[in-house]
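S.K.: My questions all concern the structure below.
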Amino acid sequence: MSACQGDWKVDVLKQANLVPWSLVGLKELTLLFLAADGRSPVSEEVIHMCLFLYPYVEARLSPSILFPRLEELDKILDDLHMQGLIERGGEEKGSVIRLTEKGAAEARKLARQLADSWVLLGGFVVRKGSDVLGELEAMKKAYNGRGPLELLKLLASKLETEGENYIWKLRGIDERSARNIIRTFKQLSRELKSVAKEFNW
């Protein structure tokens, strides 16, 4: 995390009296997400899906069959694992992730720093640190522990109602492809709702 001294944003934030402030990137958001909800373990699918849906994360998508997968997040998780900040386990290697004690200490330090400050996200969006912490907590509680089918239903429903808001986040593919993805998920959401109603899911 960096304050980017010398950046024009520093002067703008000072003039607006938005101090203290911190620049938060995907690595910091990942640590804070993993620390949320009492450090509960979380699947890689849930991490990728939640940070894809979080409005202030912009990252390149990696190829994936069903769920969004963020290229930068894969690299960050590998780095955190090498640094001893997370551990991987579960039914299949790497399927479940949790903070180590070292990682939890790092996340607590970060959360304390952000709780009473302003946060610059995506290089342009300024939010209260306490709001960011609360949003990550709420997302983890809402999505963690759900199976693949339920996650797919939630994702399809989210993209059906707010799909246009996510097109700008889909780096690595052109706008036409992004719109095709959104259109497919909208149709999938409608069909899943129909099946759920028929079988009382």
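The values are calculated or read from the model by the stated rules, or taken from the named source; none is laboratory data. As the structure is a computational prediction, the values presented were derived from the model and not from experiment. We place every Cβ from the backbone using ideal geometry, glycine too, and count neighbours over all the protein chains shown.
S.K.: Of the residues that sit in segment 186-200 and are within 18 Å of Phe67 (Cβ to Cβ) and modelled with pLDDT of 70 or more, which one is surrounded by the most Cβ atoms within 10 Å (Cβ to Cβ)? Give the steps one after another, and end with the answer.
M.R.: Start the filter on segment 186-200 by keeping residues that are within 18 Å of Phe67 (Cβ to Cβ), which leaves 186-189, 191-192.
After this cut, where a residue has to be modelled with pLDDT of 70 or more as well, the list is 186-189, 191.
On the way: Lys186: 16, Gln187: 12, Leu188: 17, Ser189: 21, Glu191: 11.
Looking at the filtered set, the residue picked out is Ser189.
S.K.: Would you be able to tell me the number of residues in segment 96-123 that are assigned to a helix (DSSP H, G or I) and not aliphatic (A, V, I, L, M)?
M.R.: The qualifying residues number 8.
S.K.: Going residue by residue through segment 70-79, is there one that turns out to be surrounded by 20 or more Cβ atoms within 10 Å (Cβ to Cβ), within 21 Å of Leu155 (Cβ to Cβ) and at pLDDT below 90?
M.R.: yes
S.K.: Which one of Gly89, Gly84, Gly94 is at pLDDT 90 or above and over 30 Å from Lys186 (Cβ atoms)?
M.R.: None of the other options fit; the residue is Gly84.
S.K.: Okay, moving on. Restricting attention to segment 107-166, which residues are surrounded by fewer than 18 Cβ atoms within 10 Å (Cβ to Cβ), of a type in the set (Lys, Arg) and out of contact with any strand residue (DSSP E or B) (no Cβ under 8 Å at 6 or more places or on another chain)?
M.R.: Arg108, Lys109, Arg112, Lys141, Arg146, Lys158
S.K.: On to the next question. Just to be sure before I move on: is Ala35 surrounded by 14 or more Cβ atoms within 10 Å (Cβ to Cβ), at pLDDT 95 or above and among the small types (Gly, Ala, Ser) in the structure I sent?
M.R.: Numbers: surrounded by 14 or more Cβ atoms within 10 Å (Cβ to Cβ): yes; at pLDDT 95 or above: yes; among the small types (Gly, Ala, Ser): yes.
When the stated conditions are applied, Ala35 passes them.
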